Amino acid sequence: MTTSASAAEKAAASRRKKRSDRSRSEGRLGWYLAGPAFVIMLLVTLYPILQALWDSLFSLRLTAPDETELIWFRNYQVVLGDPTFWQSLWVTVLITAITVAIELVLGFILAMVMHRAATKLRGIVRTAILVPYGIVTVVSAFAWFYAFDINSGGYINNWFDWLPGITEDLNWFAGQGTSLFVIIASEIWKTTPFISLLLLSGLAQVPGELEEAARVDGATGSQVLRRVILPNMKAAIMVAVLFRALEAFRIFDNVYIMTNGANNTEVLSLLAYNTSIGRLEIGLGSAISVLLFLCVLIIAFIAIKGFKVDLAGTRGER
Amino acid sequence: MRRPQAAAAVLALGLTLGLAACSDDSGPPVLTWYINPDDGGQEAIAARCTEEAGGEYQIQTSLLPRDASSQREQLARRLAAGDTSIDIMSLDPPFIPEMAAADFLAPVPDNLQSTDDVVQGAVDSATWDDELVTVPFWANTQLLWYRESVAEEAGLDMDQPVTWEQIMDAAAETDTLLGVQGTKAESLTVWINAMIASAGGEIITNPEAPADEVQLDLDSDAGRAAAEIMSRIGTEGLAGPGFPTADENASMNLFAGDSGSFMVNWPFVYPAISGSDPDLIDDIGWTIYPSVDEGTEAAPPVGGINLGVSAFSEHGDLAYDAVECIVQPENQAEYFVTNGNPPSSVSAYDDQAVLDEFPMAETIRESLDQGAPRPQTPYYNEVSIGLQETWHPPGSIDPETTPAESAEFITAVLRDERLL
């Protein structure tokens, strides 16, 4: 018994060693391939981040460089103690949460349509679904703005006046709720294809034999979805949610074009832009940018920890 | 020739030509004039002045963004970095003190200091710290435009000065709409300033003070009078449902529509409406901007463009020579006729082409002399955005509390205690 157990342990140890050799060489290859890009990324992203961190410690106005003064963390104190910052943060989180949730569901449905579409139609279906994502955000923001703006003959009120609450005189961009509705709707229209594309790649990775086996065992459609498809797509869903959440959190174009922050629709990026570029208050604006950066890091951390995805598992090591 | 050799030859030729272009300094100095978008008038003047210079310099134009705030942003960023490629700049008046205080502007030479032939509003807006820091080019002002049929129906004598109350009552009585700019933008500040000035007040009492010492006088009878007018228009729907987002173009379209009655707006509306709806022109009249109270004078908004020369220009003297050519009265008159932007030169209003094309030219000149510029302070941007934050949407203004809250907010922003 002892002999056979020790032989089994030896075999397992040898398998572990082999796997770790393979893993190490894969890691090395990964570094060779991604290393140069990683270094360039560090150069182009690290420099502005460090510069923003440094600038945020100063009272620095571009048109009054002689009055620059080191004030340490007072800019952060002003930003964090200001209701405008918290209002912008709240609006940004609201837009992020709503758009990501709706896009995840819609994106999954569209991904299923693309995945299951008949071979002949597949190309057309995919192209049609991806069209909104191909449009430049500023252009789509203007298109949505003009559709809803009553001062320039927006047609939405005339088309949908049969719906309760919509009248010919409804000024969508005169209130917070209605403005946010248009901003969120345009954001969803524009970026759902992106999330569906990521989910489609996840769907393609679900082994067909697993689905087939589940059906043979008598599983219903929803059981296959919940027990087979979704668990096997976890990594793809995590990537989709993470990418979209980060993008949604940095929303700028739609708000800038449609309301420019009027009616309490200002988002964090717009606040940072207005402070740094509009007011030329580089110190205060840098502090907001640094806080925005921290929020992005927190989102990435929560997404990776929350989904508990072990990317090593996809390499077949465990 | 084999392919690699051919490619090398083409590359060598390209490099030679490129280097030749870089080292070509035989021609006259090229002055870059950063212009705001128009109908091509500034480019035409640049071409004319280049020709008149007889080889001494060439003027090349470079286009700035459409709205004044973005123009300021771009110029301020470049100037803060000491960009030498900027020679002449078309500057919106409220942002001139900021650039002057930051030493971004080259001093105006003696031969361009005379303001004898310049309308008062343009002189005020070109001045900072009692010194002319830019050269007036064209001056703008808002008039009160009205539909003669509506004024008649309401029984208003438009030959006499009119008040805001009269036109609000007239719109309510005739069930028509007022063309005013209620959107959250610079136009809102323009309107607030004109009403406060007409009521005998001023937004800032010491505009030349440093940021933390600036005193605002919004919490005053004048501030409350302005707030009452905006609040009434908003709450009674006198400017229609589009009021909270209406800019100058939206106001013009409303005025030209079936419900149009009275409108405050810049003169560009006249050629625009003439072009789009020539029949309507017969029903349109104009007069001086409304006053806040009967017996007080109106203080019409003043705008326009002044020319500044960058302190970092490598050809400062030549740039001022070019400016002297650009602002000639005949160039201003031509610019008015072709682009609809009124001259700052008094004598340009006597030009026959101007009189033929703009029957309201005399009213514009009067309005420019009567006009009240916006606060001349290096912190104008903060004051203007602060007003927009607190007085928008106009329907939510409470005349009793808004002016005081606004003053408190802007003061805190100027002291770096609040964000905008």
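For region B:305-326, the condition holds for no residue, the condition being that it is closer than 30 Å to residue B:188 by Cβ, of a type in the set (Ser, Thr, Tyr) and out of contact with any Asp or Glu (no Cβ under 7 Å at 6 or more places or on another chain).
Yes or no, residue by residue, for (1) more than 12 Å from every other protein chain (Cβ to nearest Cβ); (2) in contact (Cβ under 8 Å) with a residue 12 or more places away in the chain:
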{"site": "B:213", "(1), (2)": "yes, no"}
{"site": "B:218", "(1), (2)": "yes, yes"}
{"site": "B:230", "(1), (2)": "yes, yes"}
{"site": "B:233", "(1), (2)": "yes, yes"}
{"site": "B:236", "(1), (2)": "yes, yes"}
{"site": "B:247", "(1), (2)": "no, yes"}
{"site": "B:258", "(1), (2)": "yes, no"}
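Pairs meeting the criteria (first residue in region B:156-168 and over 16 Å from residue B:263 (Cβ atoms), second residue open to solvent by less than 30 Å² (accessible area, probe 1.4 Å) and not in a loop (DSSP other than H, G, I, E, B), beta carbons under 7 Å, at least 6 apart or on different chains) are B:161/B:291. Candidates B:395, B:386: the one that is part of a helix (DSSP H, G or I), modelled with pLDDT under 95, farther than 23 Å from residue B:137 by Cβ and within 14 Å of chain A (Cβ to nearest Cβ) is B:395. When residue A:308 is tested against (1) within 14 Å of another protein chain (Cβ to nearest Cβ); (2) free of Cβ contacts under 8 Å to residues at least 24 places away in the same chain, only condition (1) is not met. Take residue A:286 and decide whether it is closer than 29 Å to residue A:142 by Cα, at pLDDT 95 or above and surrounded by 15 or more Cβ atoms within 10 Å (Cβ to Cβ). Judged against the criteria, residue A:286 is a match.
Determine, yes or no, whether residue B:303 is within 14 Å of chain A (Cβ to nearest Cβ) and either open to solvent by 10 Å² or more (accessible area, probe 1.4 Å) or not in a helix (DSSP H, G or I) (or both). Before you say what the answer is, go through the steps one by one.
Numbers: within 14 Å of chain A (Cβ to nearest Cβ): no; either open to solvent by 10 Å² or more (accessible area, probe 1.4 Å) or not in a helix (DSSP H, G or I) (or both): yes.
For residue B:303, the condition - within 14 Å of chain A (Cβ to nearest Cβ) and either open to solvent by 10 Å² or more (accessible area, probe 1.4 Å) or not in a helix (DSSP H, G or I) (or both) - is not met.
Restricting attention to region A:259-271, the residues that are touching a helix residue (DSSP H, G or I) at 6+ places or on another chain (Cβ under 6 Å) and either charged (D, E, K, R) or open to solvent by 10 Å² or more (accessible area, probe 1.4 Å) (or both) add up to 4.
Might you check whether a residue that is surrounded by fewer than 21 Cβ atoms within 10 Å (Cβ to Cβ), in contact with a helix residue (DSSP H, G or I) (Cβ under 7 Å, 6 or more places away or on another chain), modelled with pLDDT of 95 or more and part of a helix (DSSP H, G or I) occurs anywhere in region B:362-375? Looking through region B:362-375, none of the residues is surrounded by fewer than 21 Cβ atoms within 10 Å (Cβ to Cβ), in contact with a helix residue (DSSP H, G or I) (Cβ under 7 Å, 6 or more places away or on another chain), modelled with pLDDT of 95 or more and part of a helix (DSSP H, G or I).
If the condition is being within 21 Å of residue A:269 (Cα to Cα) and crowded, with 16+ Cβ neighbours inside 10 Å, then region A:88-104 contributes A:88, A:89, A:91, A:92, A:93, A:95, A:96, A:98, A:99, A:100. The number of residues in region B:2-56 being modelled with pLDDT of 90 or more and small (Gly, Ala, Ser) comes to 8.
When A:136, A:131, A:100 are checked against the criterion of being of a type outside the set (Gly, Ala, Ser) and under 30 Å from residue B:242 (Cα atoms), a single residue qualifies: A:136. Hey, could you check region A:183-206 for residues that are farther than 15 Å from residue A:236 by Cβ and of a type in the set (A, V, I, L, M) and say which is surrounded by the most Cβ atoms within 10 Å (Cβ to Cβ)? For region A:183-206, the residue satisfying everything is A:183.
Confirm whether residue B:240 is part of a helix (DSSP H, G or I) and touching a helix residue (DSSP H, G or I) at 6+ places or on another chain (Cβ under 7 Å). Here the answer is no, as residue B:240 does not meet what is asked.
The set of residues from region B:215-237 being assigned to a loop (DSSP other than H, G, I, E, B) and buried (at least 24 other Cβ atoms within 10 Å of the Cβ) comprises just one member, B:218. Filtering region A:35-84 to residues that are open to solvent by less than 70 Å² (accessible area, probe 1.4 Å), at pLDDT 95 or above and over 25 Å from residue B:98 (Cβ atoms) leaves A:76, A:81.
Consider region A:259-274 and keep the residues that are assigned to a helix (DSSP H, G or I) and among the hydrophobic types (A, V, I, L, M, F, W, C). The one that is nearest to the other protein chains (Cβ to nearest Cβ) is A:271. Within region A:144-172, being open to solvent by 60 Å² or more (accessible area, probe 1.4 Å) and more than 10 Å from chain B (Cβ to nearest Cβ) holds for A:146, A:155, A:158, A:159, A:160, A:161, A:162, A:163, A:164, A:165.
For region B:403-420, filtering for residues that are more than 9 Å from chain A (Cβ to nearest Cβ) and more than 26 Å from the chain's Cα centre (by Cα) leaves 5. When residue B:267 is tested against (1) open to solvent by 20 Å² or more (accessible area, probe 1.4 Å); (2) outside any strand (DSSP E or B), just one condition goes unmet, and that condition is (1).
Checked against (1) open to solvent by 40 Å² or more (accessible area, probe 1.4 Å); (2) within 14 Å of chain B (Cβ to nearest Cβ); (3) under 17 Å from the mean Cα position of the chain (by Cα); (4) of a type outside the set (Phe, Trp, Tyr), residue A:277 meets all criteria but (3). Scanning region B:328-361 for residues that are of a type in the set (A, V, I, L, M) and open to solvent by 20 Å² or more (accessible area, probe 1.4 Å) gives B:337, B:346, B:353, B:355. Taken together, the residues in region B:152-198 that are in a loop (DSSP other than H, G, I, E, B) and open to solvent by 30 Å² or more (accessible area, probe 1.4 Å) amount to 9.
Of all the criteria given as (1) within 30 Å of residue B:128 (Cα to Cα); (2) away from every other protein chain (no Cβ under 12 Å); (3) open to solvent by less than 10 Å² (accessible area, probe 1.4 Å), the one not satisfied by residue B:201 is (3).
Quick one: which helices (runs of 4 or more DSSP H) lie wholly within region A:207-258 and hold at least 1 residues that are buried (at least 19 other Cβ atoms within 10 Å of the Cβ)? Before you say what the answer is, go through the steps one by one.
Working: elements: A:208-216, A:234-249, A:253-258.
The helices (runs of 4 or more DSSP H) meeting that bar are A:234-249, A:253-258.
The values are calculated or read from the model by the stated rules, or taken from the named source; none is laboratory data. If you're wondering where the values come from, they're calculated on a predicted model, not measured in any experiment. A quick note on method: Cβ atoms are made from the backbone with ideal geometry, for glycine too, and the neighbour counts reach across all protein chains shown. When the accessible area is computed, the model is the full protein with side chains, heavy atoms only, and any ligands, DNA or RNA have been set aside. Shrake-Rupley method; radii C 1.70, N 1.55, O 1.52, S 1.80 Å.
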